[in-house]
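Engineer: Please find one structure pasted underneath; my questions will follow.
Read-outs: derived from the displayed coordinates by stated rules, not from any lab. All values derive from a computational prediction rather than experimental measurement.
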Ligand code: NAI
């Protein structure tokens, strides 16, 4: 097993790519802290608990940690709790993300702030305390989930593209800061993946996108989880500051 004895924290892990990553890392021996959005009706918590049960079934420990990663204090408290309960944190996957699409003409300041705060602010909020801990231990790996849209831009997504391009710049800068401590920082840039995030896209638009993908189909959450697993494992021990595109050849 490639991650035996390691402890990982994954943000937004109650569904989609986060859930698939939790299971992929657990299968390779890692204990998993599953972050979820603390929604009032508890739906995300129930989903996170179901993921935790799946992690247990794989023989690993799990923690379910509700925290809005757009906020600094709850994020720092969550990282501290994961370190306290696991004894150490080896892996952070900054995965939480949202869309609030509109052309700039119609985009509200609130939609801009929400997308920047969740998709990019969360990376500051979680990576700051986690990297400080990893620096002291002189080991660790951080993966930030960007997007192909951060590389290409997209109609109606100035906020999302800015956040995801920001995630790439953040990744490269933090990789430079942390390399001397043996901590690696990389990004994964998914293309169009079949998850809840893309299920609401108009079927006609989706079909047009699909036709442009050289491999001919959308990817799955598991395809992204496999890339993340590679980057956090020792197989990638000489890789830092890299952006790994997983998009079926849609953008190359
Ligand atoms: P998803 O919508 O299924 O998952 C996003 C997760 O983030 C959810 O569990 C959600 O509850 C959580 N989240 C949102 N706001 C949060 C907050 N403030 N605090 C804590 N958790 C929060 O979508 P998916 O596809 O699994 O997305 C995962 C990541 O991959 C996101 O960063 C997304 O931008 C990125 N991505 C997805 C692509 C796709 O085609 N599905 C393409 C490119 C990037």
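Engineer: Based on alpha-carbon centroids, what's the gap between the range 131-162 and the range 195-252 in Å, whole number please?
Structural biologist: 14 Å
Engineer: To continue, here is another question. Just need log10 I(q)/I(0) for the range 51-144 at q = 0.12, 0.17, 0.20, 0.24 Å⁻¹, Debye formula, equal scatterers on the alpha-carbon atoms, no solvent, rounded to two decimals.
Structural biologist: After summing over all Cα pairs, the log10 values are -0.46, -0.80, -0.99, -1.23.
Engineer: Another one. Can you give the angle from 0 to 90° between the axis of helix 72-86 and the longest principal axis of the chain, with both taken from C-alpha atoms, to the nearest 10?
Structural biologist: For 72-86 against the chain, the angle is about 40 degrees.
Engineer: Could you work out how much longer the chain between residue 2 and residue 194 gets when fully extended? Use 0.36 nm per residue separation minus the Cα distance between them, nm to one decimal.
Structural biologist: Details: separation 192, 0.36 × 192 = 69.12 nm, distance 2.69 nm.
Once the chain is fully extended between residue 2 and residue 194, it gains 66.4 nm.
Engineer: Now for a separate question. In whole percent, what relative contact order does the chain give with Cα contacts below 8 Å and a gap of six or more residues?
Structural biologist: On the way: 516 pairs, mean separation 47.0, N = 252.
The normalised contact order for the chain reaches 19 percent.
Engineer: Ok, one more. Give the angle, between 0 and 90 degrees and rounded to the nearest 10, that separates the Cα long axis of helix 122-137 from the longest principal axis of the Cα atoms of the chain.
Structural biologist: 30 degrees
Engineer: Roughly how many Å is it from the Cα centre of the range 1-51 to that of the range 54-96, as a whole number?
Structural biologist: 8 Å
Engineer: Follow-up. Take every Cα pair under 8 Å in the range 181-252 that's 6+ residues apart, average their separations, divide by the length, and report that relative contact order as a whole percent. Please report the intermediate quantities before stating the final value.
Structural biologist: Details: 80 pairs, mean separation 39.3, N = 72.
Averaging sequence separation for qualifying contacts and normalising by length gives 55 percent for the range 181-252.
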